[in-house]
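So the structure is just underneath, and the comments pick up after that.
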Amino acid sequence: MTENSKTYETAQSDLIASDIDAYLTEQEHKSFLRFITCGSVDDGKSTLIGRLLYDSKLIFEDQLASLEDDSKKIGTQGGEIDFALLVDGLAAEREQGITIDVAYRFFATDKRKFIVADTPGHEQYTRNMATGASSADVAVILIDARRGVLTQTRRHSYIVNLLGIRHAVVAINKMDLVDYDQEVFQAIEKEFRTFAENLDFSSIHFIPMSALKGDNIMDVGDHMNWYDGPTLMAHLESIDVSHERAAQPFRLPVQWVNRPNLDFRGFSGTIAAGTIKPGDPIIALPSGKTSHVKAIATYDGDLGQAMADQAITLTLTDEIDISRGDVISEFDKRPEVTDQFQAKIIWMHDQPLLPGRPYLIKTTNKTVTGEVTELKYKVNVNSLEHEAGKTLELNEVGLCNFNLDTPVVYEPYRDNAALGAFIMIDKITNVTVAAGMIDFGLRRATNVHWQAVDVNKDVRAEQKRQKPVVLWFTGLSASGKSTIANLVEKKLHARGKHTYLLDGDNVRHGLNRDLGFVDADRVENIRRVGEVAKLMIDAGLIVLTAFISPFRAERRMVRQMLEDHEFVEVFVDTPLEICEQRDPKGLYKKARSGEIKNFTGFDSPYEQPERADIHLHTGNMSAEDAADAVIAKIEEQYLST
Amino acid sequence: MTDLTHLQRLEAESIHIMREVAATCDNPVMLYSIGKDSSVMLHLAMKAFHPSKLPFPLMHVDTTWKFREMIAFREKFVADHDLNLLVHINEQGVEQGIGPFSHGSAVHTDVMKTQGLKQALDKYGFDAAFGGARRDEEKSRAKERIFSFRSAQHRWDPKNQRPELWNIYNNRISKGESMRVFPLSNWTELDIWQYIHLENIPIVPLYFAARRPVVERDGMLVMVDDDRMPLLDGEEPEMKMVRFRTLGCYPLTGAVESTAATLPEIIQEMLLTRTSERQGRAIDKDAHASMEQKKQEGYF
């Protein structure tokens with residue numbers, strides 16, 4: 001430990017000992033900074049944070065004893081203190097010597113309190129890194145002086161910038177291993193600056209350091225006299241991150257409606273931008289209803305004013321209907337409402353993005369269903385070039401158009417992260433699959449109006465004396481879908497019903513001839529069939545479809561396109577062995593020999609319906625019996641009018 | 001208007017988390033352990049929902065070995081604030097006579113605390129449970145999400161945590177699964193004490209130094225809180241000025257000798273001391289990564 005930090009520590013201890021009240025007052029008024037450390041694996045992130053904790057005296061004696069113990073047992077520094085062991089907390093990580101998840105660490109100096117997100121370096125954990133970046137104001141990007149700017153350095157710099165971090169500190173670490181050579185430092189600075197020209201940082205600061213030896217972390221050290229800038233800590237203490245959000249127009253995303261009794265109706269939420277005081281005129285969106293602020297009610301009494309980041313409860317002078325998901329805004333400058341927008345997303349799951357598949361979209365205060373209608377391009381995060389693609393894989397970044405089933409209030413992410421951010425959730429597994437940042441709304445939504453016509457679905461159906469419905473046959477290839485559907489159609493036709501059968505033969509050769517059999521195409525295939533069936537329903541027809549349709553999510557998607565009772569799922573349940581014996585088109589044979597890829601039942605999954613409306617066990621019934629069983633099931637509800 | 005202080009920011013973040021749970025979960029509960037962190041969490045909850053009453057019950061998993069002063073404090077606080085408190089005791093454990101003296105800390109904690117908690121969560125079908133844990137307490141906690149998913153068996157899978165971005169929390173679960181929610185994740189021990197000081201939050205008097213009867217056993221000062229504590233040969237309770245840095249089951253919670261009788265004195269002592277808070281807890285002294293393992297098994 002050098003003189004500087006000793007002096008600081010002694011001064012603090014003296015103050016604590018002599019005047020604890022003065023110390024507490026000083027503590028109360030500290031500012032706050034969240035930063036993230038990132039960079040390639042083995043650049044020394046954990047060591048740096050361990051060093052920060054150690055040098056700021058945040059390691060207690062019992063922790064130090066266990067650290068010394070661990071360093072001898074499993075350390076990588078030849079028995080000397082291995083600071084990385086302090087932060088690599090999970091047992092699996094300690095064994096593997098890597099950091100697999102974001103760790104949050106806390107420390108303070110006399111000027112600031114810090115929360116550090118220590119994030120993983122390995123490429124497969126890029127999503128964890130994005131997680132850490134989403135709440136940080138500053139990124140400390142570590143570079144190993146021996147290795148310079150690496151792919152992962154570029155990837156992380158791009159992602160922290162994508163997530164809106166404007167201040168980068170490039171920490172060129174392990175200078176002790178290049179003899180503290182200024183030329184090495186300058187070469188890396190030049191390389192990074194060239195790369196960063198394509199990014200949008202408002203400040204980039206370069207610091208040569210050795211986390212292991214402690215140079216330029218808290219103390220200057222005496223190895224790099226050629227560097228006259230601040231130490232890492234001095235820089236983090238002074239960097240100005242006041243992002244003027246308090247000066248932006250007022251936004252309160254309503255999180256919870258507070259109604260203890262008939263006399264009190266409050267709207268609770270965390271202010272996303274701006275300030276508010278009693279008497280201010282407001283507008284609620286998307287309803288457009290207006291009122292004035294009556295009070296800012298808190299447990300400690302009403303407030304005269306509140307600002308961005310405070311969690312408050314507003315009451316209004318008028319009784320207007322506002323619920324969770326709405327946004328209370330400054331009257332004059334209101335955010336937009338849309339059900340279509342363009343956004344950048346980071347894909348975070350092993351299962352790739354499927355355009356056209358419905359996902360849950362959760363914004364700061366609202367959850368809706370939405371789909372990617374178009375993947376415009378993927379970003380190659382090494383070259384920052386745009387590439388075409390049909391899906392996004394884990395850790396890929398893409399620019400997409402979205403379509404939602406319900407409009408949301410939003411602002412572009414770069415103007416207001418709180419109203420521009422969203423996550424995507426898989427509807428079946430409930431896992432978070434992507435993080436999104438809205439660029440802008442698409443105007444199409446407001447320009448296309450569905451024509452309400454007098455001759456409508458009900459009138460058309462009535463004329464045909466039937467209730468329109470989709471009989472959706474699903475099952476393996478050669479399970480008997482088309483055969484049974486054909487028989488059902490014949491029987492219905494014979495009874496004077498108006499029907500239409502959609503199957504692979506009449507769809508694949510025309511409407512969908514541009515589609516193949518990879519998952520993304522299978523989803524699009526079903527989406528188009530669903531849309532066609534929907535039009536036919538509108539025309540009043542009984543529609544029969546015979547498609548393998550292997551994924552629950554797509555069958556559910558079609559169900560959701562239609563009204564209740566317009567979708568009947570018929571599961572043609574034939575065991576794989578029987579289908580393979582039948583094999584009328586010889587497809588199973590080809591799949592077995594590897595001639596066909598992505599064949600359902602082999603190398604592409606079939607997800608059985610969980611609750612089919614009609615379940616046909618074809619193992620013990622003829623096609624004729626199966627067709628009669630279907631008709632018997634729909635007789636009362638759809639045919640007897 | 002000046003910028004918010006770090007405590008104001010932490011307060012707002014915690015309130016946001018609590019409101020999110022109230023708005024989106026069907027059947028949440030707040031676990032209340034009577035300790036200082038629970039007291040802060042409860043205080044923040046009263047702020048979050050004011051003037052409404054808390055939109056969820058509190059639940060205390062009582063191991064039957066808590067300090068008597070803790071139970072007295074709980075009863076008075078709940079009555080004063082008209083709170084809805086559920087107390088759950090693992091009756092099977094009581095019937096089997098499980099206790100820290102007879103069965104040791106590991107068995108006692110597992111049966112009365114971990115199993116008791118699972119029983120209670122299953123009994124009431126809670127889909128979200130608030131806990132007062134902080135990330136600065138322990139290594140594995142530093143990596144846990146604020147909304148932390150638990151399987152139907154109450155297990156935590158540290159390698160398969162959902163990404164958690166901004167303040168947008170994914171609390172979607174299937175039937176039987178649940179969420180543990182930690183609104184104090186980003187608070188440090190010093191933040192907690194400062195906030196208690198600033199907001200005048202009542203805490204159990206055991207945190208303040210007083211003369212109490214203790215015996216020294218295995219290097220730990222154990223308070224003789226009732227006559228269930230068997231004294232070993234040569235052990236004689238001695239009146240000492242002591243206080244507690246954490247509270248739990250009295251036989252498992254070591255006292256420290258201290259004269260700190262006011263909040264500033266406690267904070268002063270904390271800042272000048274050189275051992276971490278959890279050191280007084282017998283539970284952490286087992287093998288490496290013991291907390292991580294307990295959490296995977298369903299410990300809070």
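The numbers here are math on the coordinates, done by the rules we state, and not lab data. Note that the coordinates shown come from a computational prediction; the quantities given were computed from them, not determined experimentally. All Cβ positions, even for glycine, are placed from backbone atoms using ideal geometry, and neighbour counts span all protein chains on display.
In whole angstrom, and with the biggest value first, how far do the Cα coordinates of the stretch A:457-639 range along each principal axis?
52, 36, 28
Hey, with R₀ at 56 Å, roughly what FRET efficiency would A:F517 and A:L639 work out to, going by the Cβ-Cβ distance, to 0.05?
The computed FRET efficiency comes out at 0.95.
Below 8 Å, C-alpha to C-alpha, sequence gap of six or more: please give me the relative contact order for chain A in percent.
Reported as a whole number, the value is 8 percent.
If I model a spin label as a point 7 Å beyond the Cα along the Cα-Cβ vector, how far apart are those points for B:D227 and A:N456 in nm?
8.2 nm
Where the centroid of each part is defined by its Cα atoms, how far is the stretch A:549-563 from the stretch B:200-236 in Å?
With the stretch A:549-563 and the stretch B:200-236 each reduced to a Cα centre, they are spaced 64 Å.
Can you give the extra length, in nm with one decimal, that the chain gains between A:K585 and A:F264 once fully stretched, where that is 0.36 nm per residue apart less the Cα-Cα distance?
108.6 nm
Return, ordered by residue number, the residues of the stretch B:229-255 whose backbone nitrogen is under 13 Å from a label point located 7 Å along Cα→Cβ of B:S102.
It comes to B:229-230, nothing else.
Modelled label-to-label distance, A:E577 and A:S593, 7 Å Cα→beta-carbon offset: nm?
2.4 nm
Could you check the simple spin-label distance between B:K175 and B:V87, using points 7 Å along Cα→Cβ, in nm with one decimal?
Inter-label distance under the simple model: 3.4 nm.
Hey, fewest Cβ within 10 Å first, where do B:M18, A:M218, A:M129 land in order?
A:M218, B:M18, A:M129
Suppose R0 equals 35 Å. What FRET efficiency, 1/(1 + (r/R0)^6) with r the Cβ-Cβ distance, do A:D350 and A:D625 give to the nearest 0.05?
That gives a FRET efficiency of 0.25.
For each of A:L515, B:L165, count neighbouring Cβ atoms within 10 Å of the residue's Cβ, then give the residues from fewest to most.
Arranged by neighbour count, lowest to highest, A:L515, B:L165 become A:L515, B:L165.
If I stretch the segment between A:K497 and A:K294 completely, what's the gain in nm (0.36 nm per residue apart, minus their alpha carbon distance), one decimal? List each step's numbers first, then the result.
Values: separation 203, 0.36 × 203 = 73.08 nm, distance 6.24 nm.
Length gained, A:K497 through A:K294: 66.8 nm.
Going Cα to Cα from A:K289, which lysines come in below 17 Å? Please leave out same-chain ones fewer than 8 positions away.
Partners within reach: A:K333.
If the cut-off is 19 Å between C-alpha atoms, which lysines fall inside it for A:K491, apart from same-chain ones fewer than 8 positions away?
Within the straight-line cut-off, A:K491 pairs with A:K464, A:K467, A:K481, A:K633.
Please work out the FRET efficiency for the pair B:Y124 and A:Q560, using the Cβ-Cβ distance as r and a Förster radius of 35 Å; give the result to the nearest 0.05.
About 0.60, to the nearest 0.05.
Step through the table entries A:K72/B:K143; A:K344/B:K47; A:K113/B:K118; A:K366/B:K36; A:K72/B:K36; A:K294/A:K366, compare each Cα-Cα distance with 28 Å, and write down the pairs that go over it.
Working: A:K72/B:K143 24 Å; A:K344/B:K47 37 Å; A:K113/B:K118 37 Å; A:K366/B:K36 34 Å; A:K72/B:K36 36 Å; A:K294/A:K366 25 Å.
Those over the limit are A:K344/B:K47; A:K113/B:K118; A:K366/B:K36; A:K72/B:K36.
Mind pulling the per residue volume of the convex hull built on the Cα atoms of the stretch A:336-444? Å³ is fine.
95 Å³
What does the charge add up to near B:L44, with Lys and Arg as +1, Asp and Glu as -1, over the other residues with Cβ less than 14 Å from its Cβ?
Spelling it out: positives minus negatives among the neighbours equals -2.
Report, for chain A, the % of DSSP beta bridges that are antiparallel, rounded to 5.
Around 60 percent of the beta bridges assigned by DSSP in chain A are antiparallel ones.
Over chain B, what is the mean sequence separation of C-alpha contacts under 8 Å (at least six apart), divided by residue count, expressed as relative contact order in percent?
20 percent
Please compute the net charge surrounding A:L544, taking Lys and Arg as +1 and Asp and Glu as -1 over other residues with Cβ under 10 Å from its Cβ.
That works out to -1.
Counting Lys and Arg as +1 and Asp and Glu as -1, each charge on the Cβ, what is the dipole of the protein assembly as shown about the Cα centre in debye, to the nearest 20?
The calculated dipole for the protein assembly as shown is roughly 3080 debye.
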